[in-house]
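The values are calculated or read from the model by the stated rules, or taken from the named source; none is laboratory data. From a predicted model like this one, the values you see are computed outputs, not experimental measurements. Note that we place each Cβ from the backbone using ideal geometry, even for glycine, and neighbour counts take in every protein chain shown.
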């Protein structure tokens with residue numbers, strides 16, 4: 001008996017009831033599940049209605065409605081893994097050839113004895129099992145190949161996304177157009193095999209393209225000849241390359257030369273890419289990337305990366321240019337406000353400019369960064385912009401201010417901060433404007449900050465501001481003698497001023513570092 005978990009299902013199709021009954025009883029006793037049909041039409045219905053797989057079909061040829069050959073053809077189209085065994089009492093050559101054509105696996109001549117049928121069934125079931133295993137194995141191999149292919153595609157996509165994300169992330173951290181152009185030249189040598197990348201400006205205003213910035217991998221890659229970059233650099237301006245750049249600029253489309261043959265380029269160059277940088281559909285410049293003979297040639301993927309990078313760089317350069325233009329316009333407007341304030345008081349003309357210059361000298365000697373110097377440059381010019389909100393009768397009063405008037409004067413740092421803050425820009429600058437009248441001991445205004453809680457640049461600006469105020473004529477008094485001014489500043493160490501900045505200021509003053517600024521006041 002065959003175990004139930006491996007039980008096979010056999011379909012017998014014959015228009016003789018006796019054969020169906022005998023075959024059913026015999027094979028059921030052997031442990032098979034047996035289905036029967038009296039013609040091909042019933043067999044088809046059995047296939048369609050069956051909830052299980054039929055493992056083998058024994059069928060007569062001559063039957064009403066649908067004969068055995070038609071049934072074999074149906075089964076071949078339905079499931080070509082089901083073996084079909086033909087049983088007939090009238091064999092002929094034509095029938096034999098037709099059954100082979102329809103995929104029949106065996107041909108039994110009636111009367112067929114049960115032992116012969118059993119041997120035949122066991123054989124075809126073994127063959128079917130091998131056939132199915134082979135099909136499954138092939139499918140598994142195909143699936144494995146497809147999986148490997150998908151995995152390769154995924155790895156490629158992940159790498160592509162990593163490179164594109166790196167391009168976007170690093171570009172977004174840049175603040176000026178020149179930084180962007182240098183960065184794309186450098187990045188071109190990092191994400192492609194490029195030995196060198198050069199960005200050329202192109203314009204109808206000048207005859208030949210000229211180099212704005214470049215990056216040479218030879219300077220950082222010791223595996224190459226350290227002199228290779230310099231050798232190419234001497235030849236890179238030949239007329240052929242100049243014409244090539246002009247051609248790219250005119251066509252406004254990327255160009256890739258995989259092999260340097262008949263291109264009239266320097267022999268050291270193996271392959272070259274040129275990508276135009278367009279701003280508002282006008283070519284501003286061309287990035288040239290090249291590989292030397294020691295490097296592999298560029299691919300379409302390299303061209304895709306650089307084209308993507310140039311496109312993003314173009315957007316960024318345009319936005320930065322727009323921002324810088326807005327910045328300059330706003331700064332010019334605010335500077336005009338300051339000049340308006342100073343014009344109200346002839347005694348304080350150019351006060352903000354002198355304070356800014358003095359503070360920058362102190363900050364540079366203190367070791368402040370370039371960014372801090374830039375912040376101080378802006379804040380120094382605008383530190384008194386809030387005085388535009390103070391009435392003339394208070395701002396220009398020649399005598400001593402009343403307590404109420406002094407309280408009004410003390411509002412100008414807050415007014416200045418508000419004016420700058422309305423623009424939504426320059427957070428550090430507006431803090432300096434707000435706090436440049438704080439005292440080191442905490443007795444200043446508007447917030448009574450103490451010591452290092454006062455921003456460093458505000459502490460620097462405070463010394464420069466007080467110094468200029470005392471050495472200049474004011475509405476309420478004449479300029480003070482230099483010695484007296486220095487004495488007052490020195491006595492303010494740790495009270496009004498940061499002692500470190502006072503000491504630095506006094507040493508710079510002794511060296512004559514501020515003479516040029518104040519020469520016009522003498």
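Overview of values
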item: Tally of residues being more than 16 Å from residue 214 (Cβ to Cβ), out of contact with any helix residue (DSSP H, G or I) (no Cβ under 8 Å at 6 or more places or on another chain) and in a helix (DSSP H, G or I) across the stretch 168-187; result: 1
item: Flag for residue 75 being part of a helix (DSSP H, G or I), surrounded by 11 or more Cβ atoms within 10 Å (Cβ to Cβ), modelled with pLDDT of 85 or more and touching a strand residue (DSSP E or B) at 6+ places or on another chain (Cβ under 9 Å); result: no
item: Number of positions in the stretch 163-175 that are under 10 Å from the mean Cα position of the chain (by Cα), exposed (fewer than 11 other Cβ atoms within 10 Å of the Cβ) and without any contact (Cβ under 8 Å) to a residue 24 or more places away in the chain; result: 2
item: Candidate set: the stretch 176-185, residues that are in contact with a strand residue (DSSP E or B) (Cβ under 8 Å, 6 or more places away or on another chain) and surrounded by fewer than 19 Cβ atoms within 10 Å (Cβ to Cβ); chosen: the one modelled with the lowest pLDDT; result: 178
item: Strands (runs of 3 or more DSSP E) contained in the stretch 249-298 and holding at least 1 residues modelled with pLDDT of 90 or more, under 17 Å from residue 192 (Cα atoms) and assigned by TED's automatic domain parsing to the domain that holds residue 213; result: 269-279, 282-292
